[in-house]
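Enquirer: One structure, as structure tokens, below. Some questions next.
The values are calculated or read from the model by the stated rules, or taken from the named source; none is laboratory data. Note that the coordinates shown come from a computational prediction; the quantities given were computed from them, not determined experimentally. So basically every Cβ, Gly included, is an ideal-geometry build from the backbone, and we count neighbours across all protein chains shown. The area values use the complete protein model at the heavy-atom level, side chains included, leaving out ligands, DNA and RNA. Shrake-Rupley method; radii C 1.70, N 1.55, O 1.52, S 1.80 Å.
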Protein chains: 2
Amino acid sequence: MNFLIEPKNRLKTLSNVEKKKHLLKRRIVRYLYFHGPKSAAEISKKLKSSIPTISSIINELLSLDVIIEQGQGNSSGGRRPNLYGLQDDVFYILGIDIGWFTTKIAIFNTKLESVSEFINHPLLLKDDNRLIHEIYDLANKLIDKSGIDRNKLIGVGIDMPGLIDAEKGINYTYFYDEENTLAKRFEDLFELPVFIENDANARTLAEYRYGLAKGTKNTLVLHVGWGVGLGMIINKELYRGSSGFAGEFSHIPLVENGLLCKCGKQGCLETVASGTALVRLAKEGIHQGKHSTLSEKIEKGQELIPKTIIEAANEGDQFAISIIAKVGFELGKGIAALIQLFNPELIILGGRVAEANQYLLTPIEQALNHYSIPKLRNQSKIKISKLGTNANILGAVAMVSENIFEK
Amino acid sequence: MNFLIEPKNRLKTLSNVEKKKHLLKRRIVRYLYFHGPKSAAEISKKLKSSIPTISSIINELLSLDVIIEQGQGNSSGGRRPNLYGLQDDVFYILGIDIGWFTTKIAIFNTKLESVSEFINHPLLLKDDNRLIHEIYDLANKLIDKSGIDRNKLIGVGIDMPGLIDAEKGINYTYFYDEENTLAKRFEDLFELPVFIENDANARTLAEYRYGLAKGTKNTLVLHVGWGVGLGMIINKELYRGSSGFAGEFSHIPLVENGLLCKCGKQGCLETVASGTALVRLAKEGIHQGKHSTLSEKIEKGQELIPKTIIEAANEGDQFAISIIAKVGFELGKGIAALIQLFNPELIILGGRVAEANQYLLTPIEQALNHYSIPKLRNQSKIKISKLGTNANILGAVAMVSENIFEK
DNA sequence: AACACTTTTTAAAAATTTTTATTAAGTTTT
DNA sequence: AAAACTTAATAAAAATTTTTAAAAAGTGTT
């Protein structure tokens with residue numbers, strides 16, 4: 001698969017026609033990667049080249065074992081077309097999801113199946129360079145163990161928290177270095193293209209490629225955990241802003257003279273509409289002697305985290321339900337703003353707090369009815385994510401394919 | 001210029017190669033239209049076709065009088081290239097800017113010069129179908145008077161207030177008709193392609209094509225008049241949202257338990273950060289006996305409109321300056337939210353209220369320092385528009401070219 | 001001012017792509 | 001179940017584009 005990963009240096013020596021052919025090859029592989037098995041006719045139409053041209057490249061890819069015949073397609077009266085699909089093992093992508101407390105690592109094939117052990121390693125994220133090597137060592141051993149051909153590994157996708165400029169490969173919050181960027185340091189270790197992206201954006205990409213946002217044009221993805229993360233698909237692309245920092249929804253000023261946020265500013269959305277706010281409300285309520293199973297849980301030594309409150313609500317705890325409603329209403333206010341600004345067709349809610357499902361959705365809808373223009377509000381559907389906890393690492397993998405197949 | 005305006009029907013009869021050639025022709029015209037005179041080599045590189053191919057099409061366009069040689073370009077040691085530019089009069093675009101009180105109409109050539117009388121007609125915008133015919137009659141007479149060849153008129157661009165779906169050509173606020181859309185009705189009259197767009201978006205497009213946003217990738221354009229209009233350039237394109245309603249910045253909920261807005265909701269940004277808010281604050285102040293030249297002006301029978309207050313401020317009236325500062329600070333809060341969500345490289349302020357220049361900018365900057373993350377805030381420049389009152393009609397014209405030259 | 005070096009333009013040759021035609025393989029209708 | 005109709009794949013012919021080469025037109029330096 002060298003035609004996929006080492007273009008920039010070698011491409012310069014190619015003539016114009018060779019470049020074009022090379023491009024067409026990549027576009028076919030890309031098309032099959034993202035859309036599954038297709039017929040020559042379909043590829044020809046989509047890629048705007050004649051069938052003989054496509055046919056000759058297909059034969060080439062066939063002999064290179066990049067693609068295989070995968071049965072026949074349907075016909076509405078006429079010969080049935082051969083379907084060509086990517087081989088499962090033409091290339092692999094290494095995904096790394098660095099969280100605050102855990103780092104996940106796995107290798108995926110072209111069908112997005114994990115073909116290795118799935119590492120789930122406790123690792124406290126801190127700004128210490130030794131972490132980079134620790135993660136590399138884990139990944140490296142994983143590759144060895146998996147027994148896959150290293151030449152078939154085409155790239156590494158990493159997602160993590162922080163203010164990240166994906167284009168430059170810099171994380172301004174962790175491991176900051178303007179020259180020897182984080183991406184570069186990993187590239188030096190892996191000797192492979194490495195792409196770094198902020199976790200919210202990774203999840204958003206995952207929703208777009210494999211989740212509810214598939215096929216949509218303008219979608220917002222909210223992740224409600226301790227804070228509120230926002231990622232945006234705009235015009236069928238992940239929108240990063242001019243320096244990669246777009247989507248700082250958690251810290252927009254929405255409350256007048258509000259509480260001090262951990263970011264140092266006052267009245268951020270996060271102070272009233274997040275897991276943080278939920279825990280604060282719970283503590284305040286219990287302090288005031290509100291009747292709730294939460295008090296018992298705390299006495300049993302359980303920590304008060306958003307998850308605990310969500311579980312209490314799902315077990316019917318009225319107090320928990322009421323504070324979720326409060327948080328939901330405030331979040332709804334924020335979403336109302338988003339709807340008016342972006343006019344998205346879909347808003348996806350994910351994260352721990354979103355597991356409260358209807359307890360969260362109902363107050364959000366209420367707030368939307370209050371705070372947004374009906375004509376606009378009706379254009380946006382709101383759904384709860386179905387991607388689960390592996391959304392991040394899938395997004396990291398998606399990033400690699402997006403970048404490898406770039407135009 | 002029929003190859004520019006009547007494609008869809010006739011294109012179907014063309015073979016694939018003819019289509020491709022046709023497309024290349026259009027792309028060359030488009031390139032020259034948007035970027036001015038260029039050499040064959042530049043066109044070849046930009047459009048990724050070989051020089052002989054481009055050369056043959058250039059000769060064809062030359063003999064059709066679509067383009068002309070326009071002197072020679074510079075060389076860094078070598079023969080100097082011939083520059084080819086579009087003829088001034090290959091085609092014309094009719095622009096119509098429908099405001100609440102005035103409608104402007106003019107015809108523009110490829111150099112964006114007005115080649116007709118510039119109609120500035122008092123016309124109260126109301127939901128009355130007779131208006132459509134009135135506007136058509138005015139435009140029609142203008143075309144006659146101008147003496148230009150009707151065959152060279154390639155389209156009509158209209159901008160106006162309201163909730164507009166530009167793709168469908170429907171204005172949901174005025175002249176609403178799902179079937180017989182507004183665009184269609186004008187098309188039936190003009191017998192030309194007609195494009196309708198919301199005024200904020202038209203201004204934004206004008207800034208992008210001919211104003212401060214030229215060459216930027218992600219820019220927000222705010223228009224502060226009675227309300228606050230927002231238009232967005234995202235990834236070098238006008239962003240309209242999934243149904244064309246994006247950018248309703250004026251009515252995002254930013255004030256808790258705030259005033260009732262004219263839109264029916266409570267606490268909209270518009271109630272505290274707009275010309276409307278400015279006038280309200282002025283009235284309240286004068287009522288409370290605040291010392292100001294504004295009281296005198298009112299006694300003289302002048303109407304209290306934003307313009308009056310801005311003028312007072314620019315003449316040094318301290319009260320006017322103070323209320324502009326108040327409005328500016330609130331607007332700044334809203335802009336802080338925009339910066340965090342969009343991370344734009346540029347924000348352009350236009351409209352009557354923006355004419356207060358530094359009196360408005362300073363409090364905005366203050367609010368930004370308060371309410372946005374420094375790392376993000378520093379990525380966005382804020383500038384006052386230089387386009388003046390014709391921004392709208394220029395944007396309407398730009399829309400036509402954008403659409404005519406679509407991919 | 002002549003020579004060496006660049007870059008554009010034109011022309012002819014080479015290569016590639018598209019078109020057209022033909023054969024193969026299925027579907028649907030009678 | 002056969003005939004008529006569709007659609008796919010393949011092959012040869014036609015057309016177009018790109019490449020290569022050479023001439024034309026400048027620029028800059030010795």
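Enquirer: Carbon and sulfur together cover what percent of the accessible area of the range A:79-232 at a 1.4 Å probe radius?
Expert: 48
Enquirer: Something else now. Could you put A:E42, B:E197 in order of accessible surface area, largest first, with the 1.4 Å probe and the full protein assembly present?
Expert: Largest to smallest exposure gives the sequence A:E42, B:E197.
Enquirer: Here's a follow-up. Is there a pair in A:K290/B:K333; A:K45/B:K168; A:K48/A:K168; A:K21/B:K381 whose C-alpha atoms are over 31 Å apart, and which pairs would that be?
Expert: Pairs exceeding the cut-off: A:K290/B:K333; A:K48/A:K168; A:K21/B:K381.
Enquirer: When only the heavy atoms of the protein chains count and the probe is 1.4 Å, how do B:D144, A:D128, B:D89 rank by accessible area, highest first?
Expert: Largest accessible area first, the residues go B:D144, B:D89, A:D128.
Enquirer: Treating cross-link reach as a plain straight distance, find the lysines whose alpha-carbon is under 18 Å from the alpha-carbon of A:K307, omitting any fewer than eight places away in the same chain.
Expert: A:K283, A:K297, A:K326, A:K386
Enquirer: About the Cα centre of chain A, how large is the charge dipole given +1 on each Lys and Arg Cβ and -1 on each Asp and Glu Cβ? Please answer in debye to the nearest 20.
Expert: That gives a dipole near 1680 debye.
Enquirer: While we're looking at this one, here's another question. Using Cα pairs under 8 angstrom and six or more residues apart, how large is the relative contact order of the range B:214-386, in percent?
Expert: 23 percent.
Enquirer: For peptide B:250-257, how many partner chain Cβ atoms fall within 10 Å of a residue's Cβ, on average?
Expert: If you average over the peptide's residues, the count of other-chain Cβ atoms is 6.
Enquirer: Taking Rh as the Kirkwood radius computed over C-alpha pairs, what is the Stokes-Einstein D of the protein assembly as shown at 10 °C in a medium of viscosity 1.306 mPa s, expressed in µm² per second?
Expert: The estimated diffusion coefficient comes to 54 µm²/s.
Enquirer: State in Å² the accessible area per residue of the range A:230-314; use a 1.4 Å probe, count heavy atoms of protein chains only, and round to the nearest integer.
Expert: Value returned for the range A:230-314: 44 Å² of accessible area per residue.
Enquirer: Can you tell me the alpha carbon radius of gyration of the range B:235-341 divided by the globular rule-of-thumb value 2.2 N^0.38 Å?
Expert: Ratio of Cα Rg to 2.2 N^0.38 Å: 1.25.
Enquirer: Taking the full set of protein chains and a 1.4 angstrom probe, give the accessible area of B:S250 in square angstrom, rounded to the nearest 10.
Expert: 10
Enquirer: Just to confirm the number: angle between the C-alpha axis of helix B:275-287 and the first principal axis of chain B, 0 to 90 degrees, nearest 10?
Expert: 20
Enquirer: Specify the angular offset, from 0 to 90 degrees and rounded to the nearest 10, of the alpha carbon long axis of helix B:130-146 from the longest principal axis of the alpha carbons in chain B.
Expert: The two axes meet at around 50 degrees.
Enquirer: Quick one: order B:E117, B:E167, B:E187 from most to least accessible surface, probe 1.4 Å.
Expert: B:E167, B:E117, B:E187
Enquirer: Quick check on the protein assembly as shown: of the DSSP beta bridges with both residues there, what percent are antiparallel, nearest 5%?
Expert: 60
Enquirer: Place the label 7 angstrom along Cα→C-beta at B:G147 and in each other copy, then list the distances from the first to the rest in nm, shortest first.
Expert: B:G147 label point versus its equivalents elsewhere: 8.7 nm.
Enquirer: Under the definition of Cα pairs under 8 Å and six or more residues apart, what whole-number percent is the relative contact order of chain A?
Expert: So the answer I get is 14 percent.
Enquirer: Now a separate question. Taking the Cα centre of the range A:217-318 as the origin, how large is its charge dipole in debye, to the nearest 20, when only Lys and Arg (+1) and Asp and Glu (-1) carry charge on their Cβ atoms?
Expert: Result for the range A:217-318 is approximately 300 debye, rounded to the nearest 20.
Enquirer: Moving on. Excluding B:N180 itself, calculate the net charge of residues whose Cβ lies under 11 Å from the Cβ of B:N180, where each Lys or Arg counts +1 and each Asp or Glu counts -1.
Expert: -3
Enquirer: Could you estimate the translational diffusion coefficient of the range A:72-134 from the Stokes-Einstein equation, with Rh from the Kirkwood formula over C-alpha pairs, at 10 °C and 1.306 mPa s, in whole µm²/s?
Expert: Translational D for this selection: 106 µm²/s.
Enquirer: Quick check: net charge around A:Q340, other residues with Cβ under 14 Å of its Cβ, Lys/Arg +1 and Asp/Glu -1?
Expert: +3
Enquirer: Per residue, how many Å² of accessible area does the range A:140-202 show with a 1.4 Å probe?
Expert: Here the residues of the range A:140-202 average 42 Å² of exposed surface.
Enquirer: Related question: How much solvent-accessible surface does A:E315 expose, in Å² to the nearest 10, with a 1.4 Å probe and all protein chains in place?
Expert: Per-residue accessible area (A:E315): approximately 140 Å².
Enquirer: Using protein heavy atoms only (no ligands, DNA or RNA), what is the total accessible area buried between B and A, 1.4 Å probe, nearest 100 Å²?
Expert: The summed interface area works out to 3800 Å².
Enquirer: Under 16 Å between alpha carbons, and skipping anything fewer than 8 positions from A:K300 in its own chain: which aspartates and glutamates qualify?
Expert: A:E311
Enquirer: Tilt of helix A:16-35 relative to the longest C-alpha principal axis of chain A, in degrees (0 to 90, nearest 10)?
Expert: 50
Enquirer: Moving on to the next point. Counting only residues 5 or more places away or on other chains, whose amide H sits under 5 Å from the amide H of A:G247 once H atoms are built in the peptide plane?
Expert: B:L341, B:F342, B:N343
Enquirer: I'd like to check one number: the per residue accessible area of the range A:325-407, probe 1.4 Å, reported in Å² as a whole number.
Expert: So the range A:325-407 comes to 36 Å² accessible per residue, rounded to a whole number.
Enquirer: Same structure, new question: Find which of B:F175, B:C263, B:L281 sits farthest along the positive direction of the dipole of the protein assembly as shown, computed with +1 on the beta-carbon of Lys and Arg, -1 on that of Asp and Glu, about the Cα centre.
Expert: B:F175
Enquirer: Mind checking B:264-274 for the average number of partner chain beta-carbons within 10 Å of each residue's beta-carbon?
Expert: 2
Enquirer: In debye, nearest 20, what is the charge dipole magnitude of the range B:214-386 about its Cα centre with +1 on Lys and Arg Cβ and -1 on Asp and Glu Cβ, if you could check?
Expert: 520
Enquirer: Right, next: Tally Lys and Arg at +1 and Asp and Glu at -1 over the other residues with C-beta under 15 Å from the C-beta of A:E365: what net charge comes out?
Expert: Local net charge: +4.
Enquirer: With n ≥ 4 as the cut-off for DSSP H runs, can you work out [θ] at 222 nm for chain A, using -39500 (n - 2.57) per run divided by the number of residues, rounded to the nearest 500?
Expert: -13000 deg cm²/dmol
Enquirer: Please enumerate, by chain and number, the lysines with C-alpha under 17 Å from the C-alpha of B:K104, excluding those fewer than 8 residues away in the same chain.
Expert: Result set, ordered by chain and number: B:K126, B:K141, B:K145.
Enquirer: Could you pull out every residue, at least 5 positions away or on a different chain, whose amide H is within less than 5 Å of the one on B:K381? Hs are placed 1.01 Å off N in the peptide plane, and Pro or chain starts have none.
Expert: Hits under the 5 Å cutoff: B:L346, B:I347.
Enquirer: Hey, what's the per residue convex hull volume over the C-alpha atoms of chain A, in cubic angstrom?
Expert: 180
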